[in-house]
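Encoded as structure tokens, the structure appears first; notes follow it.
We did not get these values from a lab; they are worked out from the coordinates using the rules stated. It should be emphasised that the depicted structure is a prediction, and the values quoted were computed from it without experimental measurement. Reconstructed Cβ throughout: ideal geometry from the backbone, glycine too, with neighbour counts over all protein chains shown.
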Amino acid sequence: MKPNLTAIVPLLVSLLIPANATSAPAVKEVEVNGVLLPYEEEGSGDAILFIHGGLSGPAVWGPVKAATGKKYRSISYTQRYYGSASWPDDGKNFNLATHAEDLAKLIQSLNAGPAHLVGWSYGGAVATIAALKNPSLVRSLIVYEPVLGSVLSADSVEGKTAREDRAKIFGPATAAAKAGQAEQSARLLYEAIYQLAPGSFEDLPQSTKAGVLENARTRPLAVAAPPPNVTCDDLKAFNRPTLVVWGEKTQPSFALTSEAVANCVPGAQRVIMQNVNHNGPVRDPDAFGATVLEFLAKQRQGF
């Protein structure tokens with residue numbers, strides 16, 4: 001069975017756009033906690049920081065950021081260990097705490113605080129942890145399917161269902177990473193989270209495969225990193241406006257975790273995007289961008 005390439009066209013387009021295209025903002029660098037992080041920004045006003053997930057980079061936010069850049073200072077960046085830059089170490093500091101500390105420092109270094117944070121998947125977990133630890137730097141939090149399984153009680157029906165589902169999604173990719181097969185791990189994970197047929201990664205355009213495999217070297221680091229430890233009680237103490245978004249067709253673990261996060265944060269808004277799975281921000285960037293802008297507009301109105 002061949003993958004439905006029409007379903008991932010927005011992602012392919014974003015990966016095909018070169019960084020030096022005349023219509024794209026210039027790539028800059030800023031030193032954050034001893035490392036240089038590439039970033040791009042466009043627009044002016046209150047800042048929005050876009051945080052990418054695993055196996056991806058800031059390019060995935062292109063269409064969404066172009067829309068938000070008309071009303072906000074929209075910033076996307078490459079997290080530590082991602083992209084093609086050499087590492088200052090052996091990857092020992094790859095974890096959610098490091099990435100959250102980098103995000104907080106980035107906001108300060110760019111004089112962007114307090115900022116709206118928009119995170120997807122692993123980036124959603126990074127954004128959440130950064131917001132919990134540095135609420136003064138945050139205006140609002142928007143997350144799309146954050147990987148925060150720790151908010152679900154391990155003994156609950158939802159927790160058990162999510163754990164079993166995560167094992168199906170991540171199990172083969174994790175095994176490959178532990179066996180030293182980083183690129184195979186990336187292939188398996190990409191197919192699993194986007195619900196593509198086994199082996200269909202090889203049928204994707206070369207540019208798409210290259211974008212995923214560029215970050216394959218992070219797979220062993222991600223597998224070895226400690227899992228998130230954010231609890232529902234932690235989220236109950238968070239008092240910034242929060243929006244949690246997930247896809248109508250996403251896997252049970254992503255949906256259950258997202259719903260739990262929305263239930264735990266006081267007053268959190270929730271949106272279920274139609275006809276998408278974990279790929280919502282790239283499958284339908286217009287809908288996701290409109291969701292973000294509508295939420296932020298309500299904050300301005302003080303609802």
>> Counting only other residues whose beta carbon sits under 12 Å from that of residue 250, what net charge do I get with K and R as +1, D and E as -1?
In response: -2
>> On a straight-distance basis, which lysines could pair with residue 71 in a cross-link, Cα separation under 30 angstrom, same-chain partners fewer than 8 positions away excluded?
In response: 28, 105, 133, 298
> Which distance in nm do the two modelled labels at residue 239 and residue 167 give, with both placed 7 Å along the Cα-to-Cβ direction?
Replying inline: 4.2
> Tell me, which longest segment in the chain has none of the trypsin sites (Lys or Arg not before Pro) that fall in DSSP loops with at most 14 further Cβ atoms within 10 Å?
Replying inline: 93-303
> Given only helices, namely DSSP H runs of n ≥ 4 each adding -39500 (n - 2.57), what is the per-residue ellipticity at 222 nm of the chain, to the nearest 500 deg cm²/dmol?
Replying inline: -13000 deg cm²/dmol
>> Counting only other residues whose beta carbon sits under 11 Å from that of residue 87, what net charge do I get with K and R as +1, D and E as -1?
In response: +1
> What's the local net charge at residue 168, with K and R +1, D and E -1, over the other residues with C-beta under 15 Å away?
Replying inline: 0
> Setting aside same-chain residues fewer than 8 positions from residue 70, which aspartates and glutamates have a Cα under 17 Å from its Cα?
Replying inline: 40, 41, 42, 46, 286, 294
> Counting pairs of alpha carbon atoms under 8 Å apart in space and at least six apart in sequence, what relative contact order in percent does the chain give?
Replying inline: 20
> About the Cα centre of the chain, what is the dipole size in debye to 20, counting +1 per Lys and Arg Cβ and -1 per Asp and Glu Cβ, all else neutral?
Replying inline: 260
> Rounded to the nearest 0.05, what FRET efficiency is calculated for residue 294 and residue 232 with R0 set to 25 Å and r the Cβ-Cβ distance?
Replying inline: 0.40
>> Going by Cα centres, the range 260-276 and the range 200-225 are how many Å apart?
In response: 29
> Across the range 5-298, how large is the tail of the calculated P(r) beyond 24 Å, expressed as a percent of all Cα pairs?
Replying inline: 47
>> What is the distance in Å between the Cα centroid of the range 44-67 and that of the range 168-192?
In response: 26
> Any idea how far apart residue 26 and residue 178 come out in nm if each label point goes 7 Å out from Cα toward Cβ?
Replying inline: 4.8
